[in-house]
1. Long-range amide H contacts for Ser424: which residues qualify at under 5 Å (H placed 1.01 Å from N, peptide plane, sequence gap of 5 or more or a different chain)?
2. At a 10 angstrom cut-off on C-beta neighbours, averaged per residue, how do the peptides 288-294, 508-514 rank from highest to lowest?
3. For Glu394, list long-range residues whose amide hydrogen, built 1.01 Å from N in the peptide plane, is under 5 Å from its own amide hydrogen.
4. Note down the magnitude of the dipole of the chain about its Cα centre, charges +1 on Lys and Arg C-beta and -1 on Asp and Glu C-beta and zero elsewhere, to the nearest 20 debye.
5. Over the Cα atoms, compute the radius of gyration (one decimal) and Dmax (the largest Cα-Cα distance, rounded to a whole number) for segment 303-386, in Å.
6. Could you work out the per residue convex hull volume over the alpha carbons of segment 29-108, in cubic angstrom?
7. Nearest 20 debye, what's the magnitude of the dipole of segment 288-378 about its Cα centre given +1 on Lys and Arg Cβ and -1 on Asp and Glu Cβ?
8. Can you give the alpha-carbon Rg of segment 1-146 over 2.2 N^0.38 Å, where N counts its residues?
Amino acid sequence: MFAMAVRELYSEKLAARQREASERLRRERAISLARLIAIAAAIVIAFFSVALALVPLAAFVALVIWHDRVIRARRHVEHSAAFYERGLARIDGTWAGGGDAGSDFADDHHPYASDFDLFGRGSLFELISLAVTRAGRIRLASLLKEGGRPVRPEIIARQQAVAELRDNIALREDIAIDAAEIAHDVEAAKIDEWASMPAVTFSKTERIAAIVLPAIGVILLALTLRAFPNFADRWSLLPMLLAFVAIGIYSRMLRPRVEIITAGVERAEPALALLGGILTRLERESFRTEKLVQLAKRVHGSHVEIERLRRLVTLLDARRNQFFIPIGGLLMWTSNLAFAIERWRARHGALIVETIEAVGTFEALSSLASFAFEHPSFATPEIVAPPPLFDARELGHPLIPEDRRVTNDLRLDGDLRLLIVSGSNMSGKSTMLRSAGIAAVLAQAGAPVCARSLRIAPMAVGASIRIHDSLQENASRFYAEILRIRQVLEMSHYGPLLFLLDEMLAGTNSHDRRIGAEAIVRSLVDRGAVGLVSTHDLALADIGNDLAPRAANVHFEDHIEDGRVVFDYRMRDGVVTKSNALALMRSVGIDV
């Protein structure tokens, strides 16, 4: 019911944005026609009176300015419509392949990123992400990849921020749209890299000379033009020419250092204007939760300083005007503006980096808030202090559509630390492990989880579920798996850990597998870790009995209907009593 209400809200807003975009497009076309009429009228009238032709020409200039504003407004509304279109796709389950897959964050050596489908087409990142700036994408990816045991207060602070942003649709929409508009310009301009580059130094003498020389040149030019308007005495031009030569030589001496400054910021005026716009929008909000209040403080007043830099960059860009080039050369325009820009960077350069990072954090939190808003049935986890604890009710996998999702209860704590999950192929073992892992990742990122409820203590997460061989690294699947297991074992030395091991040591014989698996899980349990180990090798089920009561056996099963293997994906107590391997082979036509 709640999901339908969200869908109806998004549909209404999408329809309103589409109507507004259509209206602005009609206005844009009308203005375009008016521009043609105005310029045609100016040409015709010019044959009779040049003075009168200035009237339609002035109208043409005004229409050009108006046309540009209407185009920007139409694009803004179109971005808004796209925001709701993507939201509807996420709600309807048609989002896969239509968003940012975050493939550049994939890492086969991460303790769980590839195991939980965090990145790639149809991934958790694609489902959640609204971030478009580089800083926002990196921040969201780091929240999902953060296996470093975030502390409980930080997780709760994230939850509170997500809860506040969840129902503030207007702000989330504006952040997404403004960020989309600044992403290309800010990243193309690379102003964050420019702001962080080493200082370019100029002595006080050099700065004074850059003011004095142009002043002398202007005075000599004025005196020459006044005293000798016809330039009858060529020698009278010598002081002025010498001043011009001195200005040219000095400008050339300064050029290498000046170009370092100007190359990093020239043509960045649109990016700075857009960045200032999104900061102004954020400063209009009055936040309640501590994390958002602190973020707002980081950007408070930033738009004022960024506007000062934008004005300097605008003045710098004037040097490209062909009519201004002689004047700019005489005034050492580029050098003096470079001095002013470098002074700004020395005082406020860190502000650019901090502001972009703060906007990125807003994007990441806004993405999690939209995920919460669009999945109202998902639970906000209760973050508890004493580890270890993972207590979920009706736990499911968020990437499986709701109409096909089957949920199960799962509890791991200080008494029951290990579940050996047995079952036949395709019965749901791996999905269960992934569901638990993704829930832990989302919970510690501050997001809701696909469950009716979850109580969890902060802990690291390590998994071995989807392991591949690597020709580039000359590693077999078995070798890659034991390297990952070693990584998980090392993680258990540093504090609470949730481990998820699927079909452990499947690449070796049953005897070695039994001994190795027991040694690994016993070591993990002895160190205080909790987790799940899945297997279809019933010999490994004895490990659950050997480690009882700290361990127990659970299983998934199937049955045959009309010659087909049917799964219910329900986790049950005990060890599975049958296998479906032969039935599956027969179902695809293999005679066994």
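The values are calculated or read from the model by the stated rules, or taken from the named source; none is laboratory data. Just so it is clear, the structure is predicted and the values come from calculations on it, not from any experiment. Glycine gets a Cβ as well: all are built from the backbone with ideal geometry, and neighbour counts include every protein chain shown. What goes into the accessible areas is simple: the full protein's heavy atoms, side chains included, and nothing from ligands, DNA or RNA. Shrake-Rupley method; radii C 1.70, N 1.55, O 1.52, S 1.80 Å.
1. When sequence neighbours closer than 5 places are left aside, the close amide H contacts are Phe556.
2. So the order, starting with the most tightly packed, is 288-294, 508-514.
3. Close amide H contacts, sequence-distant or interchain: Asn408, Asp409, Leu410, Arg452.
4. Here the chain has a charge dipole of around 2440 debye.
5. 22.7, 73
6. Each residue corresponds to 132 Å³ of Cα convex hull volume.
7. I would put it at about 380 debye.
8. 1.65
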